[in-house]
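The values are calculated or read from the model by the stated rules, or taken from the named source; none is laboratory data. Keep in mind that what you see is a predicted model, and the values were worked out from it rather than measured. Cβ placement follows ideal geometry from the backbone for every residue including glycine, while neighbour counts extend to all protein chains displayed. The area values use the complete protein model at the heavy-atom level, side chains included, leaving out ligands, DNA and RNA. Shrake-Rupley method; radii C 1.70, N 1.55, O 1.52, S 1.80 Å.
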Amino acid sequence: MWFKNLQLYRLTDKFSLSAEQLHEKLLENTTKPCQGLDTFTLGWDFPLGREGELLTHAVNDCIMVCMRRHDRLLPSTVVREILEDKVAEIQRAESRPVRRKEKLQLKDEITVDLMPRAFTRSTLTYAYIDVHKGWVIVDAASAKKAEDLLSLMRESLGSFKVKPFEVNQAPSAILTDWLRQRPAKYFELGDECELRDTLEEGGIVRLKRHGLEGDEIQVHLQAGKIVVKLAVSWQDKLNCVLADDVSVKRLKFLDVLQEQVEEQGFESAVEKFDADFAIMSLELRAFIQQLVDIYGGLNRD
């Protein structure tokens, strides 16, 4: 359940539903397997998994939800192989070429025939609403994946007004300054970064498992490159990669937080989940707020 990526949004209206009320709203869009020619389905699942009874879970004025996506697995190579066999059969039987329009029609027919019999897989996307801060935090590596969850929330509630975090200072300028001088208080540089030239066709430099305080980095900065991704640690509690779109990648909570949970001892998986969520949400609230402050605050225009 510990989040691995952060896509950050702010609510533009006050969120007034309780966890129980939100659960009732989500019931109309619970997870369902693919049927017929569905290529995928989206629906709400229990954050607590098999142990859960509600589609929400609340701790620290934060409400967690979980979306399950079912996808049909129909490899394009399978469709192409069957199509090639059909085209060859027609050419032999009718002694004529099969033109592009007919190939496309055959491909559609093959897909319609195979889709209901294709295997499916499912993936989970977690998110939580920090009611106290007016934030929505989605554990997704891309904004597109996060948007699937937000769209499902809008469908379930009728309206769910959020905006991606927009800050008053460009994150790339802040992160570049961290490499030129030193990072902000409580942050330490990691061993990874990505620099890009400001010109549209400019170069890209990616460094991994590499010291970021040497002359080599300064040469790139002096040449006009800016930082678009930077690995950092925060208060010896988490490691992550900060990106210039205000997202947080490859988030990893360090042992000091994990040990806080383990020391408490639990009688059930529900209690363990509750403690994990409580500690994670409190730490992320502090981490995200400090990040926002460093970026000059949220632009609310």
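Residues of the stretch 178-212 that are of a type in the set (D, E, K, R), free of Cβ contacts under 8 Å to residues at least 12 places away in the same chain and over 17 Å from residue 234 (Cα atoms): 200, 201. Looking across the stretch 154-172, just one residue is of a type in the set (A, V, I, L, M) and either open to solvent by less than 10 Å² (accessible area, probe 1.4 Å) or more than 24 Å from residue 286 (Cβ to Cβ) (or both), and that is 157. Checking 83, 104, 152 one by one, the residue that is at pLDDT 90 or above and touching a Lys or Arg at 6+ places or on another chain (Cβ under 6 Å) is 83 and no other.
In the stretch 174-207, which residue that is open to solvent by less than 30 Å² (accessible area, probe 1.4 Å) and assigned to a helix (DSSP H, G or I) is farthest from residue 12 (Cα to Cα)? This residue is 179.
Taking the stretch 208-240 on its own, how many of its residues are surrounded by fewer than 20 Cβ atoms within 10 Å (Cβ to Cβ), closer than 13 Å to residue 191 by Cβ and within 23 Å of the chain's Cα centre (by Cα)? The number of residues fulfilling the criteria is 3.
When the residues of the stretch 1-48 are filtered to those that are in a helix (DSSP H, G or I) and in contact (Cβ under 8 Å) with a residue 40 or more places away in the chain, which remaining residue is most open to solvent (accessible area, probe 1.4 Å)? Here the residue is 28. When the residues of the stretch 135-153 are filtered to those that are more than 10 Å from the chain's Cα centre (by Cα) and closer than 11 Å to residue 8 by Cα, the one that is surrounded by the fewest Cβ atoms within 10 Å (Cβ to Cβ) is 135.
Considering only residues in the stretch 241-261 that are of a type in the set (Lys, Arg) and open to solvent by 70 Å² or more (accessible area, probe 1.4 Å), the one that is farthest from residue 7 (Cα to Cα) turns out to be 252.
Using beta carbons and a limit of 7 Å, which pairs, at least six apart or on different chains, have the first residue in the stretch 87-114 and closer than 25 Å to residue 35 by Cβ and the second one open to solvent by 80 Å² or more (accessible area, probe 1.4 Å) and outside any helix (DSSP H, G or I)? As it stands, the answer is 112/37, since those pairs meet every condition given. Evaluating residue 129 against the criteria (1) of a type outside the set (S, T, N, Q); (2) touching a Cys at 6+ places or on another chain (Cβ under 7 Å); (3) loosely packed, with under 12 Cβ neighbours inside 10 Å leaves one unmet condition, (3).
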